[in-house]
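Structure, as structure tokens:
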Amino acid sequence: MIEVEMNIKHSVLTIRPVGPLSQHDFVKAAVLVDPLIAKNGDLTGIIIQAESFPGWHDFAALLEHFKFIRDHHQHVKKVAVVSDSSVLTIFPHIAAHFIRAELKHFHFDAYDEAMAWIIVDEEGA
């Protein structure tokens with residue numbers, strides 16, 4: 001299960017896993033981002049904030065996760081992983097081989113820093 005929050009002003013999606021990830025979680029995220037992508041062409045970024053990685057509810061959820069990445073990665077400029085989990089801290093190093101977005105890791109308590117990193121180019125700073 002994930003909580004999703006869309007910052008419309010900056011076009012940033014925040015995803016917070018709070019339990020094993022389900023198929024529905026990625027459908028719910030797509031419903032939020034697809035209209036923005038259709039309107040603006042890209043998302044400024046995605047922030048994944050999690051104390052730990054909860055895994056997937058089942059194999060179907062894993063497949064839906066891969067589908068979400070496949071369908072959206074080319075429309076995301078930056079991805080910030082905000083976590084102290086050892087699994088999630090290595091994510092940017094692995095994912096960089098598969099997605100075009102710029103990736104960066106932040107400590108779990110550095111959400112505001114992650115948001116600032118994502119929107120800095122958007123604001124011309």
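In region 106-123, the residues that are assigned to a strand (DSSP E or B) reach residues that are modelled with pLDDT under 95 with C-beta atoms within less than 6 angstrom, at least six apart or across chains, in these pairs: Phe106/Ala80; Phe106/Val82. Of all residues in region 39-49, none satisfies being assigned to a strand (DSSP E or B), farther than 26 Å from Asp112 by Cβ, in contact with a helix residue (DSSP H, G or I) (Cβ under 7 Å, 6 or more places away or on another chain) and in contact (Cβ under 8 Å) with a residue 12 or more places away in the chain. Flag: Leu88 does not match the condition of being at pLDDT below 90 and outside any helix (DSSP H, G or I). Across region 1-30, the qualifying residues are those that are over 14 Å from the mean Cα position of the chain (by Cα) and assigned to a helix (DSSP H, G or I), and the one among them that is surrounded by the fewest Cβ atoms within 10 Å (Cβ to Cβ) is His24. Inclusion of Asp34 among residues that are in contact with a helix residue (DSSP H, G or I) (Cβ under 9 Å, 6 or more places away or on another chain) and either without any contact (Cβ under 8 Å) to a residue 12 or more places away in the chain or surrounded by fewer than 17 Cβ atoms within 10 Å (Cβ to Cβ) (or both) is warranted.
The values are calculated or read from the model by the stated rules, or taken from the named source; none is laboratory data. Keep in mind that this is a model prediction, so the values were computed, not measured. Glycine also receives a Cβ, built like all others from the backbone with ideal geometry; neighbour counts cover every protein chain displayed.
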